[in-house]
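J.: Before I ask anything, here is the structure I am working with.
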Amino acid sequence: MSEGISRLKARIAEEMKRSLKAGEKLRLGTLRMLSAAVTVREKDVLHELSDDEVREVAAKEIKRRNEAIEAYEAAGREDLAGRERAEREILAAYAPEHLPDEAVDALIDEAIAATGASGPRDLGKVMGSVMEKARGKADGAAVQKKVRARLGG
């Protein structure tokens, strides 16, 4: 967006101020981290991020939290896993809504038909098509598992 700050970035900045005033340390820290991740992404792409791009950054941060939760639970560190869950909840307000399974299945069916995919070797074509349309609204690993099952891989 060339006409200034995106609405979502402005909302994050406003929420950071509110969290600071209210003394909500976890929320403030999580929002600062999200803001920093957005800034890093802007430097990478050399432009101000749109609201959709900010949502994609939030979705990636949620994915990181999910991975950390799994690792902490495997290590028996429920205290740290709980903190990651709390951060994930805060970030969810800024991420795109996840597509329901039925919608993901429909995208997979559509991609298989459009690409003429017939076996495991066509996984990349189908994944590319599905993930382009799902764009941050579906977990890539879960989609890949479904596509492999459909293509007999």
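J.: Return the pair list, or none, for Cβ contacts closer than 6 Å from residues in segment 1-29 that are farther than 21 Å from A86 by Cα to residues that are in a helix (DSSP H, G or I) and at pLDDT 95 or above, at least 6 apart or on different chains.
T.: That search, which allows pairs on different chains as well, returns nothing.
J.: Quick check, is A81 modelled with pLDDT of 90 or more, over 22 Å from E56 (Cβ atoms), of a type in the set (A, V, I, L, M, F, W, C) and surrounded by 12 or more Cβ atoms within 10 Å (Cβ to Cβ)? Quick ask: steps written out before the conclusion?
T.: Values: modelled with pLDDT of 90 or more: yes; over 22 Å from E56 (Cβ atoms): yes; of a type in the set (A, V, I, L, M, F, W, C): yes; surrounded by 12 or more Cβ atoms within 10 Å (Cβ to Cβ): yes.
Against the criterion (modelled with pLDDT of 90 or more, over 22 Å from E56 (Cβ atoms), of a type in the set (A, V, I, L, M, F, W, C) and surrounded by 12 or more Cβ atoms within 10 Å (Cβ to Cβ)), A81 qualifies.
J.: Which of the following residues is of a type outside the set (D, E, K, R) and at pLDDT below 95: A22, A59, A36, A68?
T.: Numbers: A22 fails: at pLDDT below 95; A36 fails: at pLDDT below 95; A68 fails: at pLDDT below 95.
One residue alone meets the criteria, A59.
J.: Looking at segment 112-147, which of its residues are buried (at least 16 other Cβ atoms within 10 Å of the Cβ), among the aliphatic types (A, V, I, L, M) and either in the same structural domain as R65 (by TED's automatic domain parsing) or farther than 26 Å from A58 by Cα (or both)?
T.: Listed by number, the residues that qualify are I112, A117, L123.
J.: Checking A74 against (1) small (G, A, S); (2) in contact with a Gly (Cβ under 9 Å, 6 or more places away or on another chain); (3) over 25 Å from A10 (Cα atoms), only one condition comes out false. Which one?
T.: So A74 meets the others, but not (2).
J.: Which one of these does E70 not meet: (1) among the acidic types (D, E); (2) more than 26 Å from E132 (Cβ to Cβ); (3) surrounded by 16 or more Cβ atoms within 10 Å (Cβ to Cβ)?
T.: Single failed check for E70: (3).
J.: Right, next: Out of L91, L80, which single residue is touching a Phe, Trp or Tyr at 6+ places or on another chain (Cβ under 8 Å), closer than 30 Å to M33 by Cβ and not charged (D, E, K, R)? Quick ask: steps written out before the conclusion?
T.: Numbers: L91 fails: touching a Phe, Trp or Tyr at 6+ places or on another chain (Cβ under 8 Å).
The conditions single out L80.
J.: State whether the residues of segment 88-96 include one that is over 28 Å from V40 (Cβ atoms) and of a type outside the set (G, A, S). First the steps, then the outcome.
T.: In the first step, residues of segment 88-96 are kept if they are over 28 Å from V40 (Cβ atoms); the result is none.
Checked segment 88-96: no residue is over 28 Å from V40 (Cβ atoms) and of a type outside the set (G, A, S).
J.: Which of (1) without any contact (Cβ under 8 Å) to a residue 60 or more places away in the chain; (2) surrounded by fewer than 16 Cβ atoms within 10 Å (Cβ to Cβ); (3) not assigned by TED's automatic domain parsing to the domain that holds G128 is the odd one out, the single condition A86 does not satisfy?
T.: (1)
J.: I would also like to ask the following. Given the residues K43, K63, which is the only one that is farther than 22 Å from D139 by Cβ, out of contact with any Lys or Arg (no Cβ under 9 Å at 6 or more places or on another chain) and outside the structural domain of R135 (by TED's automatic domain parsing)? Reasoning before the result, please.
T.: Working: K63 fails: farther than 22 Å from D139 by Cβ.
Checking each option against the conditions leaves just K43.
The values are calculated or read from the model by the stated rules, or taken from the named source; none is laboratory data. All values derive from a computational prediction rather than experimental measurement. Quick reminder, even Gly has a Cβ in these numbers, built from the backbone with ideal geometry, and neighbours come from all protein chains shown.
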